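Trainee: What follows is a single structure, and I will ask about it in a moment.
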Amino acid sequence: MDRIVSPEVKELVRRYRDIRSLGYALSLLGWDMETYMPPGAFRERGEIRGILRTQVQRLYTHPEFISLVESAKPQNDLERGIIRVLKRWIKYYTKIPREFIEEEERTTAEAFQVWREAKAKSNFEMFRPVLEKIVELERRKADYLGYEDHPYDALLDLYEEGLTVKKCERMFSKVPRISDLFKKVKDRYPERHPLEDESYDETFLRRLIEYVLGVLGFDFNRGRVDTSPHPFTVEMGLYDIRITVRFEGKDFRRALMAVVHEFGHATYEMNISEDLWMTPVQTGVSLGVHESQSRFWENVVGRSRAFVRRFRNEMIMALPFLKGYDEEEMYRYLTLVRPELIRVEADEVQYVLHIYLRYKLERAMIEGSVNVKELPEIWNDTMEELVGVRPPNDSLGVLQDIHWAHASIGYFPTYAIGTMLAAQYYRRLDLREAVDRAEFSTLMSVLRERIHRWGAVYPPDELIVRATGEEFNPEHFLHYLEEKYLS
Ligand code: MG
């Protein structure tokens with residue numbers, strides 16, 4: 001790893017420590033909010049987080065800070081990475097007016113409440129007015145940020161540096177083939193697996209999960225596992241990375257695979273080089289690359305015969321109802337393919353189809369070619385065409401995700417990137433043997449060496465080429481699926 005040598009960059013990193021510390025506090029407050037905070041503290045916590053955020057913006061837009069970034073002459077890759085990342089933040093905080101951020105905050109706070117109720121009542125019309133407002137805001141945001149070809153490009157770039165409609169089109173050109181493959185594969189599976197209805201003992205499953213995490217290589221000295229309504233990973237710093245799990249009471253693969261997924265996110269952050277500590281590049285580089293780590297562990301490793309073989313005895317100990325199931329049957333349960341209405345329930349074969357649908361609608365809303373009121377109809381038609389099922393109501397259709405209520409338009413495509421990129425690692429980094437032998441530490445050291453340790457030193461496109469020897473290539477994903485599900 002390079003060293004920081006230029007005086008301007010040294011000074012920037014010194015000043016950046018203030019931003020980092022606020023970020024650390026914000027993360028910890030956010031984690032607490034989702035796990036142990038008493039419900040009555042909600043409003044106060046929101047207020048305080050808002051104030052800390054304003055402080056972050058103030059530090060990024062301080063004239064001296066900006067002029068240091070402008071005048072810096074980076075000497076090596078590390079310094080170039082630091083300046084690149086700082087410029088992105090400065091662009092965001094200087095181009096978007098403060099009043100806009102406040103308006104967005106207010107609107108999304110309202111939208112969240114409305115969305116929750118609309119979803120419970122399965123009533124899209126209720127959500128429509130506030131979603132229209134959010135779309136209008138996000139179109140304005142794209143104008144503030146600027147773009148070359150498409151307003152959606154400006155939003156995509158917020159979640160995945162350098163992502164554009166053009167690149168998305170290339171990625172999603174595989175959708176017809178994935179849809180065909182899915183339709184072929186789904187007939188080979190039962191509609192429901194008996195293990196989906198088996199209830200488990202939460203204490204025993206928790207013990208199993210902690211055991212699995214330990215064997216995979218989770219560092220409990222720098223990490224924790226807690227429960228929350230939705231599983232997530234949050235990093236405070238390099239030495240405190242936390243994941244959460246949710247226990248539904250039955251269908252144990254949901255909790256188990258979710259935790260293996262979050263393990264992937266967590267190890268990415270844990271394996272960033274200590275040389276990058278407290279610098280702007282001590283972070284996963286993008287949401288897509290982050291998701292590629294979680295999907296690699298969840299899909300490629302977790303949903304493998306080798307994984308079942310490795311943990312079968314421990315699983316039976318924790319979940320006695322597994323006694324009657326052999327290895328192949330447990331593998332079948334973990335890799336069940338059937339048409340799903342809900343994205344988060346979707347198997348790895350159809351998952352990208354769900355993402356494509358959302359991408360298509362977001363792009364159309366941002367360019368103004370589709371009105372919000374048309375969404376349910378297009379949603380249902382596309383689901384029928386790609387997955388072969390039509391949502392019977394909006395809560396199982398267009399209202400299912402929280403992202404639009406959060407104004408996170410442009411986020412979804414990163415899930416597809418991650419899912420596909422995981423297959424590229426598998427094929428390009430020669431990981432097959434290590435996966436088949438459940439050699440988790442080998443997998444970990446390859447991923448650490450090629451991806452994790454670099455943090456955000458290189459932009460995602462460049463990191464992918466450096467790591468895998470080629471550009472992002474969705475063809476690997478198709479091969480991976482065909483091999484796994486057709487043979
Ligand atoms: Mg994830």
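Trainee: Once neighbouring chains are kept in place and the probe is 1.4 Å, which whole percent of the accessible area of segment 315-412 is contributed by carbon and sulfur?
Mentor: The nonpolar share, carbon plus sulfur, comes to 49 percent.
Trainee: Order of 348-358, 469-479 by packing, highest average Cβ count within 10 Å first?
Mentor: Packing proxy ranking, top to bottom: 348-358, 469-479.
Trainee: In Å and whole numbers, how far do the C-alpha atoms of segment 1-88 stretch along each principal axis, longest first?
Mentor: 50, 29, 18 Å, listed from the longest principal axis down.
Trainee: Scale the Cα Rg of segment 380-487 by the rule-of-thumb value 2.2 N^0.38 Å and send over the ratio, two decimals.
Mentor: For segment 380-487, the normalised Cα radius of gyration is 1.35.
Trainee: Same structure again: Is segment 121-201 best put as rounded, prolate or oblate by its Cα gyration tensor, with a ≥ b ≥ c the root eigenvalues, rounded for a/c under 1.5, and otherwise prolate when a/b is larger than b/c, oblate when not?
Mentor: Because a/c hits 1.5 or more and a/b fails to exceed b/c, segment 121-201 counts as oblate.
Trainee: Could you tell me the extents of the chain's C-alpha atoms along the three principal axes, largest first, rounded to whole Å?
Mentor: Principal-axis extents of the chain (Cα, largest first): 68, 50, 48 Å.
Trainee: A further question follows. Points 7 angstrom from Cα along the Cβ direction at residue 210 and residue 37: gap in nanometres?
Mentor: Spacing of the two 7 Å Cα→Cβ label points: 2.7 nm.
Trainee: Can I ask one more? So, for segment 7-123, what is the accessible surface per residue at a probe of 1.4 Å, expressed in square angstrom?
Mentor: With the other protein chains kept in place, segment 7-123 gives 58 Å² per residue.
Trainee: Also, quick follow-up: What's the Cα-based Rg to Rh of segment 300-383, Rh via Kirkwood?
Mentor: 1.22
Trainee: Let me ask something else. Counting helices only, and only those DSSP H runs with n ≥ 4, report the 222 nm mean residue ellipticity of the chain as the sum of -39,500 (n - 2.57) divided by its residues, in deg cm²/dmol to the nearest 500.
Mentor: So the calculated ellipticity at 222 nm is -19500 deg cm²/dmol.
Trainee: Next question, about the same structure. Which net charge results for the neighbourhood of residue 432, defined as the other residues with beta-carbon distances under 14 angstrom from its beta-carbon, given Lys and Arg at +1 and Asp and Glu at -1?
Mentor: 0
Trainee: What is the Cα centroid distance between segment 30-65 and segment 353-412, reported in whole angstrom?
Mentor: Taking the Cα centre of each part, segment 30-65 and segment 353-412 sit 31 Å apart.
Trainee: From the convex hull of the Cα coordinates of segment 30-81, what is the mean projected area in square nanometres?
Mentor: So the Cα hull casts an average projection of 5.3 nm².
Trainee: Thinking of segment 260-310 as a set of Cα atoms, what percent of all their pairs are more than 18 Å apart?
Mentor: Above the 18 Å cut-off, segment 260-310 has 39 percent of its Cα pairs.
Trainee: For residue 174, which lysines qualify as cross-link partners when the Cα separation must be under 29 Å and same-chain residues fewer than eight apart are set aside?
Mentor: Within the straight-line limit of under 29 Å, residue 174 reaches these lysines: 166, 183, 184, 186, 360, 373, 484.
Trainee: Between segment 98-141 and segment 414-434, what is the C-alpha centre distance in whole Å?
Mentor: Using only Cα atoms to place each centre, the spacing works out to 35 Å.
Trainee: Let me ask something additional. Would you kindly give the portion of the calculated P(r) for segment 43-114 that falls above 16 Å, as a percent of all Cα pairs?
Mentor: Summing the P(r) tail past 16 Å for segment 43-114 gives 59 percent.
Trainee: Translational diffusion coefficient of segment 218-347 at 25 °C, 0.890 mPa s, Stokes-Einstein with Kirkwood Rh over Cα pairs, in µm²/s as a whole number.
Mentor: It comes out at roughly 153 µm²/s.
Trainee: Solvent-accessible area per residue for segment 166-485 at a 1.4 Å probe radius, Å²?
Mentor: The answer is 37 Å² per residue.
Trainee: Right, next: Computing the accessible area with a 1.4 Å probe over protein heavy atoms, can you report the carbon and sulfur percentage for segment 7-123?
Mentor: 53
The values are calculated or read from the model by the stated rules, or taken from the named source; none is laboratory data. A quick note: this is a predicted structure, and the numbers were derived from the prediction, not measured. Counting neighbours? That spans all protein chains shown, and the Cβs are built from the backbone with ideal geometry, glycine included. Heads up: the accessible areas ignore ligands, DNA and RNA and are worked out on the full protein's heavy atoms, side chains in. Shrake-Rupley method; radii C 1.70, N 1.55, O 1.52, S 1.80 Å.
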